[in-house]
1. For region B:196-250, give me each residue that is at pLDDT below 95 and among the acidic types (Asp, Glu).
2. Determine which member of the set A:123, A:132 is at pLDDT 95 or above and either under 17 Å from the mean Cα position of the chain (by Cα) or within 15 Å of ligand 2 (Cβ to nearest atom) (or both).
3. I need the full set of residues from region B:27-54 which are more than 17 Å from residue B:73 (Cβ to Cβ) and modelled with pLDDT under 95, in order please.
4. Considering only residues that are facing chain B (nearest Cβ under 8 Å) and touching a strand residue (DSSP E or B) at 6+ places or on another chain (Cβ under 8 Å), look in region A:259-283 and name the one that is nearest to ligand 1 (Cβ to nearest atom).
5. Inspect all residues belonging to region A:43-60 and state whether any of them is part of a loop (DSSP other than H, G, I, E, B) and crowded, with 20+ Cβ neighbours inside 10 Å.
6. Can you spot a residue in region A:239-254 that is in a helix (DSSP H, G or I) and small (Gly, Ala, Ser)?
7. Answer yes if at least one residue in region A:137-156 is at negative phi, more than 16 Å from ligand 1 (Cβ to nearest atom), away from chain B (no Cβ under 13 Å) and outside any loop (DSSP other than H, G, I, E, B), and no otherwise.
8. Could you check region A:1-42 and list, in sequence order, the residues that are more than 16 Å from ligand 2 (Cβ to nearest atom), assigned to a strand (DSSP E or B) and more than 18 Å from residue A:83 (Cα to Cα)?
Amino acid sequence: MPGNVWVMAEQWRGELSEITYELLALGRELADGLGVQLEAVLLGHDARGLAATLGAADGILYADDPAFTEPTAAARSQTLASLAEERRPHCLLLGLTNLTADLAGILPAQLGAPFVNYCRDVRVADGKLEARCILYGGKMDAAVEAAAEPVLLGVLPGVRPADQGLKSGAPQVEDVTASVPDAPRVRFTKYLEPEAGDVDITQQEVLVAVGRGIANEDNVELAEEIATALGGAVCGSRPVIDQGWLPLSRQVGKSGATVKPKFYLAAGISGAPEHTEGMKGSDVIIAINTDPDAPIFGVAHYGMVADCLEILPALVETVAAKKG
Amino acid sequence: MNILAVLKMVPDVVEELEVGDDGKSLDLDFLRLIVNERDEHALEQALLLKDKHGGSVTAVAIDAPEIDDVLFTALAKGADRAVKITDVEEGLSTRAAASLLAQVLPKVPNLLPADLVLAGCQATDDLDGQTAAVLAHGLELPYLGIVSQVDADGSTACVLSEFPGGVRGEFEVDMPAVLGIQASEKPPRYVPVAKVRAAMKSQTIEEVSAGTEPEASLAAVTGMTKPEAGGKAEMLDGSPEELAAKVGEILSERGLL
Ligand SMILES: Cc1cc2nc3c(=O)[nH]c(=O)nc-3n(C[C@H](O)[C@H](O)[C@H](O)COP(=O)(O)OP(=O)(O)OC[C@H]3O[C@@H](n4cnc5c(N)ncnc54)[C@H](O)[C@@H]3O)c2cc1C
Ligand SMILES: Nc1ncnc2c1ncn2[C@@H]1O[C@H](COP(=O)(O)O)[C@@H](O)[C@H]1O
């Protein structure tokens, strides 16, 4: 009899984050497929009330400690490791977000358990888990099996629709012991809110996004011209922000904004999962990339294998002509 | 302040990748390796800290094709030492490589304890673990990842780590510590080839034999496939003008132009 399926209930500033429900939807399928229970692990402080929307699970393991109000991994990792050693779950689903990344890094080593990263899907086949993972920035798809239990699965955002895993009707909450370090060596001091940019890219109908393929800062102006003519804004992928070609307030993706405009033009963006999680909900996505294998073509509605430094100037003309 | 920057080679994902004959790994003939981008940022952050506070930077890597060029480049950029771990089988998983480093680094003369060990917080081939976090566990040091700013003085580091939506968290980290770097405070510095050549003539890479077996990976790839290119997209062709016109039509259809 395999152990249960566990889901780490991730929180962000006092609320459960969306990925928690996505993981519950996936976890429900896995638990049913394996014929075991689905349990959500909730670590918080005076946070029992959060259990109310975790109804997709059969039970909740709740540990309470002030340490869990800090966005640090050590207390969570230590608590999960001792719980997992005691109860031997079959697997634990962890969301691949900036909030859980450190935990996903430390816990497998601490437990000596296998970790399967970048899961875009997980299925039960012949009573075993098979993970489908995205490797090399989206350029390869790998089927992965783990050699021991518990298996820790790092699951990409969007694995299932969140509303599938969002159910009220609080399941039974079992109090479990928190085990936290006496003297934490990583201490949270404060949050730094993002500086408000000149425009809020989450509120735009039209976004022209540039990636490393735009080659230099001057070329960003081409995108700026098109965006301005269309009444939209320019945004970018991480490397463009790291180079200082656009401010941080224009970053789309895991560490930046999640956007859902009516129109998203991706110029010279490869389509790494950290970028696409922030834009794949856009109404129409058009991708320009010189690489026919670029993963961005897997999320775009229209694609062209072309040099964005040729297309963008032509588009400046087209837009100007159409506007007359 | 003494800092270690850990560098690893990864496939350049801008190049064409093919599946090898075994159906579960990359075809090595097609592979072009580059330094993991996040590791370049880790090295840069180490050099920035040295520029500010003095001390030393040591670049560390497990032997791999092209690694000498990478280590000489690190020396040319300002690293004081370069250490290459040799006699390691090729193609180790991230987790196996990181735990091997955790075993070997303490045996390298005059290397540890360092005040900070910096490595990239992620790589595109991290199937079974994260280098920096596994290394921290193996070295029994505190860990913080997704770091985009570091300052340190005395025995604690003040570190910024990224959360969703552009929010950052400020942390105090006891040193020695391992940090997983997401981005250095300034873009990685450029170094002319001539300086790299000069480093090759005047400096040396210290070679240290691993002398230990890596642990077996607990996660096995059973099959690898290339996702269908453009799985979903309708592909458009034509001259730049024609393509721009098609984009214009799509915008017009939606009342956006
Ligand atoms: C914890 C974490 C958080 C992250 N958060 C984010 C995030 O919020 N947002 C984000 O974007 N990334 C994020 N990343 C980084 C992400 O993993 C990728 O590295 C990044 O998205 C790649 O950006 P890119 O596509 O612009 O560059 P690359 O991957 O280098 O791609 C450039 C593309 O341009 C194409 N190209 C080159 N020249 C041309 C040309 N002339 N015309 C057309 N195409 C051309 C190439 O074929 C290539 O596909 C994060 C990473 C980590 C580890
Ligand atoms: N699963 C998790 N992994 C890592 N950090 C978390 C997790 N859940 C919550 N947090 C952090 O803990 C903090 C708790 O915040 P709060 O409940 O507002 O005091 C959140 O801001 C998150 O940053």
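1. B:213, B:215, B:228
2. On the way: A:123 fails: either under 17 Å from the mean Cα position of the chain (by Cα) or within 15 Å of ligand 2 (Cβ to nearest atom) (or both).
None of the other options fit; the residue is A:132.
3. The answer is B:27, B:28, B:29, B:30, B:31.
4. Within region A:259-283, the first condition is being facing chain B (nearest Cβ under 8 Å), and the residues that meet it are A:262-263, A:265, A:270, A:272, A:283.
Add one more test, that the residue is touching a strand residue (DSSP E or B) at 6+ places or on another chain (Cβ under 8 Å), and what stays is A:262-263, A:265, A:270, A:283.
Values: A:262: 20, A:263: 18, A:265: 12, A:270: 3, A:283: 20 Å.
This residue is A:270.
5. Yes; the residues of region A:43-60 include at least one that is part of a loop (DSSP other than H, G, I, E, B) and crowded, with 20+ Cβ neighbours inside 10 Å.
6. Within region A:239-254, the first condition is being in a helix (DSSP H, G or I), and the residues that meet it are A:239-242, A:248-250.
From what's left, small (Gly, Ala, Ser): A:249.
Yes; the residues of region A:239-254 include at least one that is in a helix (DSSP H, G or I) and small (Gly, Ala, Ser).
7. Checked against the condition, which is being at negative phi, more than 16 Å from ligand 1 (Cβ to nearest atom), away from chain B (no Cβ under 13 Å) and outside any loop (DSSP other than H, G, I, E, B), region A:137-156 yields no hits at all.
8. none
The values are calculated or read from the model by the stated rules, or taken from the named source; none is laboratory data. All values reported here derive from a predicted model rather than from experimental measurement. Positions of Cβ are backbone-derived with ideal geometry, glycine not excepted, and every protein chain shown enters the neighbour counts.
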